[in-house]
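The structure under discussion appears below in the form of structure tokens.
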Amino acid sequence: MKIGFVSLGCSKNLVDSEEMMGMLKAAGHILVSDPRQAEVIIVNTCGFINPAKEESINTIFEMTRYAEKVIVTGCLAQRYEDVLRKEIPEVAAVIPIRDYPKLPHILKDLLNQDEEVPYVKSYRTISGNPWSAYIKISDGCSNHCTFCAIPLIRGEQKSKLIAEVREEAEFLASAGVREITLIAQDTTKYGLDNYGQLMLAKLIRELDDIDGIHWIRILYMYPDEIEDELLEAMRSSSKVVPYFDIPMQHANNRLLKMMNRRGTKEDVKALVAKIRAMFPEAVLRTTAIVGFPSETEEDFSELLDFIREVRWDRLGAFTYSKEEDTPASRLPMEVDEAVAAERLNRLMEVQKEISQESNLKKIGKTYEVLVEEKEALTGRYRGRSIADAPDEVDGQVIFTSELPIEPGTFVPVRVTDATQYDLIGIYEG
């Protein structure tokens, strides 16, 4: 059977999609990229914030125009299973996340397969560049930030065993993956639920000797759990890049407490100073929410001052999204949407200046770059340095070369110019 697959939302959802696609291929189905060729289309949805919900619903309706049978999975299916069944009768099935353990049996019946095909790691299909892949080291979240619906959707944190993660990493390396990115809702809390202690440092040491892996990147590291043992494990590793994705969300301690974020602005400033002392080439990324209930202009100014002081290398910012059934959704003193949008623009203008100044300082330096593509029209190459995660949030390194370069290889590039987010350079081979 010809099956189309649409994966929406975060990289954690993408891992689920790739495992499903691998299972479908192992069952003999053919994956097609053109929805007009598909007999069945599976839409793996996101239900995190309102724009993601809207995108998921619009995609479901669009796919019903192409295929006789549309199957909905993912976060939206988990959160609104009954509503989707009722409001979109064109959908053949809605499979919530809690039913994933039964997915082989469910899909066998839905797709008229002869037999069930179980989840097997070696079936996983890498949907992006074959040299880079994510490994989800845990699912769910136990932090219960007041604005976040993830615990309502995916439940409490459930970490994989170290042996399971290593097995997955070894398989990916054998398949040609050179860069792995460890992901979870909170990677720094990895192992606390099943080992009874923080185990990310030990996991790093376990993965460090896997042949074929060149870079290991870690995303979503909560500041209060970045302990000295973890920093030492990262520093002593030959493969972990000094990339610190530390989602702050705000800098006003009152708002941080209302968000149920652990630690204070002062704690993070001390942590940043420690990281930069230990890692001269450290890359620091964060996220911020503007317009959280009761945020005043003074609170927002404090956030701007904090951004200017820390000078994050990468920053993603969002206006607050009111999510039903979360504690924050019941808070009074909502910030007007227009005010929140204006604050977001001001924040990003500050970050653009910081990013531009930081990139200009890199002119003349040489960086290792993972080559990802060659532009058909210009002949230039595009890739990523250690400062650029594969989630399309960060920038790129754009460079020229007189010699042909195979995508998926690591090459030295000397920076000759810079924009706000990208570096321009020349291959130095």
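Points worth noting:
- Which numbered condition A92 fails, given (1) surrounded by 19 or more Cβ atoms within 10 Å (Cβ to Cβ); (2) at pLDDT 90 or above; (3) small (G, A, S): (1)
- Candidates in segment 25-59 are the residues that are modelled with pLDDT under 90, under 26 Å from Q113 (Cβ atoms) and of a type in the set (A, V, I, L, M); of these, the one that is farthest from the chain's Cα centre (by Cα) is A27.
- The single residue among S321, S355, S294, S301 that is at pLDDT 95 or above, within 30 Å of I153 (Cβ to Cβ) and out of contact with any Lys or Arg (no Cβ under 7 Å at 6 or more places or on another chain) turns out to be S294.
- Test: residue in segment 395-414 that is within 25 Å of the chain's Cα centre (by Cα) and modelled with pLDDT under 95: yes
- Complete set of residues in segment 133-177 that are under 20 Å from E19 (Cα atoms) and hydroxyl-bearing (S, T, Y): Y134, S138, S159, S174
- Listed conditions (1) buried (at least 16 other Cβ atoms within 10 Å of the Cβ); (2) under 19 Å from the mean Cα position of the chain (by Cα) are all met by T146, apart from (2).
- For A270, the conditions (1) among the small types (G, A, S); (2) modelled with pLDDT of 95 or more; (3) part of a loop (DSSP other than H, G, I, E, B) are fulfilled apart from (3).
- Which listed residue, of E179, E168, is over 17 Å from the mean Cα position of the chain (by Cα), buried (at least 19 other Cβ atoms within 10 Å of the Cβ) and within 17 Å of D211 (Cα to Cα): E168
- Every pair of residues 6+ apart whose Cβ atoms lie under 6 Å, when the first sits in segment 12-26 and is outside the structural domain of P130 (by TED's automatic domain parsing) and farther than 13 Å from C46 by Cα while the second is among the hydrophobic types (A, V, I, L, M, F, W, C) and crowded, with 22+ Cβ neighbours inside 10 Å: M21/F5; L24/I3
So that you can scan it fast, the table gives a plain yes or no per residue for (1) part of a helix (DSSP H, G or I); (2) not assigned by TED's automatic domain parsing to the domain that holds I204:
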| site | (1), (2) |
| --- | --- |
| K53 | yes, yes |
| P89 | no, yes |
| R98 | yes, yes |
| H105 | yes, yes |
| E115 | no, yes |
| Y134 | no, no |
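- Residue match in segment 338-349 (condition: in the same structural domain as R261 (by TED's automatic domain parsing) and within 30 Å of N129 (Cα to Cα)): yes
- Inter-residue pairs, beta-carbon under 7 Å, first more than 12 Å from A133 (Cβ to Cβ) and among the β-branched types (V, I, T) and in segment 155-182, second in a helix (DSSP H, G or I) and at pLDDT 95 or above, 6+ apart: I162/K202; I162/L203; I162/E206; V165/L203
- Test for Y119: is it of a type in the set (S, T, Y) and assigned to a loop (DSSP other than H, G, I, E, B): yes
- Single unsatisfied condition, R98 versus (1) under 27 Å from N50 (Cβ atoms); (2) crowded, with 18+ Cβ neighbours inside 10 Å; (3) not small (G, A, S): (2)
- Of the set (1) more than 30 Å from D325 (Cα to Cα); (2) at pLDDT 90 or above; (3) not aliphatic (A, V, I, L, M), all apply to E62 but (1).
- Screening I213, I218, I162 for residues that are surrounded by 15 or more Cβ atoms within 10 Å (Cβ to Cβ) and within 19 Å of L284 (Cα to Cα) leaves exactly one candidate, I218.
- Close contacts from segment 362-379, counting a first residue that is surrounded by fewer than 17 Cβ atoms within 10 Å (Cβ to Cβ) and a second that is at pLDDT below 95, with Cβ to Cβ under 8 Å and a gap of 6+ residues or different chains, come to T366/E428.
- Scanning segment 275-290 for residues that are in a loop (DSSP other than H, G, I, E, B) and surrounded by fewer than 17 Cβ atoms within 10 Å (Cβ to Cβ) returns P280, E281.
The values are calculated or read from the model by the stated rules, or taken from the named source; none is laboratory data. Please read all numbers here as calculations on a predicted model, not as lab measurements. We place every Cβ from the backbone using ideal geometry, glycine too, and count neighbours over all the protein chains shown.
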